[in-house]
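Chemist: Next up is a structure, given as structure tokens.
Just so you know, all these numbers are worked out from the coordinates, no wet-lab data involved. What you are looking at is a predicted structure, and each value in this text was computed from that prediction instead of being measured. Here the Cβ is made from the backbone with ideal geometry for all residues, glycine too, and neighbour counts use every protein chain on show.
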């Protein structure tokens, strides 16, 4: 199967971009599960760069997924302040794009971090 991608505005590009970010997030979390946190963070930071609004378009759900995963990694590392910052950013992305209906996982992750802090 040959795909012709006609730039960031084409439906083909958008579809492949979304799939790629989701696959990269899954791969990053597999690295983290296997104790290779450095590789996982590199991949997640790359996803952060790719999903920066305006770079290739606006992909709030994929950016939210990336920030959720970054929050979880930093929680695992005991860097709870960084975890909260990423999770709050993830919530802001959803709120600013009228996608609050997808916020359950982010709220759950944020509650876990706040609980760890005793709040």
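Chemist: Among 94, 27, rank each residue by its count of other Cβ atoms within 10 Å, from fewest to most, as a rough exposure measure.
Modeler: In order of increasing Cβ crowding within 10 Å: 27, 94.
Chemist: Mind checking the angle between helix 80-96 and the chain's longest principal axis? C-alpha axes, 0 to 90 degrees, to the nearest 10.
Modeler: The answer is roughly 50 degrees.
Chemist: Normalised by the residues of the range 1-84, what does the relative contact order come to in percent, with Cα pairs under 8 Å and at least six apart?
Modeler: 22
Chemist: Measure nothing fancy, just the Cα-based angle from helix 37-50's long axis to the longest principal axis of the chain, in degrees from 0 to 90, nearest 10.
Modeler: Roughly 50 degrees between the two axes.
Chemist: Follow-up. Output the 0 to 90 degree angle, nearest 10, between the alpha-carbon long axis of helix 104-116 and the longest principal axis computed from the alpha carbons of the chain.
Modeler: 30
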